Each structure stands twice: as structure tokens, then as C-alpha cells.
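Scroll down for the structure; my scribbles are underneath it.
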Amino acid sequence: MGEVVRLVTRAERERARLIREARAIYDAVFPPADPDGERPVEPRSTTRAATQSPSTSKELL
């Protein structure tokens, strides 16, 4: 009795189709590492000294 019908334009349908297609291509190129959900990204240190071993950083000084 109180149904609401939403009309979808051709442009909206095309946009949704293109998004689905792009996601499928992306997943084919970059398969998800964890199929149940995304793993949290670990922050990386940006300092040079933190990424090198102590012996290596002494040699550069």
C-alpha cells in the first residue's frame, strides 16, 4: 500500500556498473590479503637511523 518506487536514471546505472567492473579488475590485480577483512596497516618509521642497524648507521657517520 505505501510502497515507494525509486526511479534510477540510466547514468546512475552505468556509474554503478562501471564501479563494479573497476572493483573486480582491482581485486584481480591486487587480491585481498585477508578475505575476511582488512588487516590494519602498521606505521613505518620515516627516519633513516631507525631503519638501519646500529653498525650500518655508524659506518655512514
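The numbers here are math on the coordinates, done by the rules we state, and not lab data. Here the structure is a predicted model, which is why all the values come from computation and not from measurement. Glycine gets a Cβ as well: all are built from the backbone with ideal geometry, and neighbour counts include every protein chain shown.
A few remarks follow.
- Spin-label model distance (nm) - Arg20 vs Arg6, 7 Å beyond Cα toward Cβ: 1.5 nm
- Summed side-chain charge close to Val8 - residues other than Val8 whose Cβ falls under 12 Å, Lys, Arg +1, Asp, Glu -1: +3
- Radius 14 Å from Cβ of Arg20, net charge of other residues (Lys, Arg +1; Asp, Glu -1): 0
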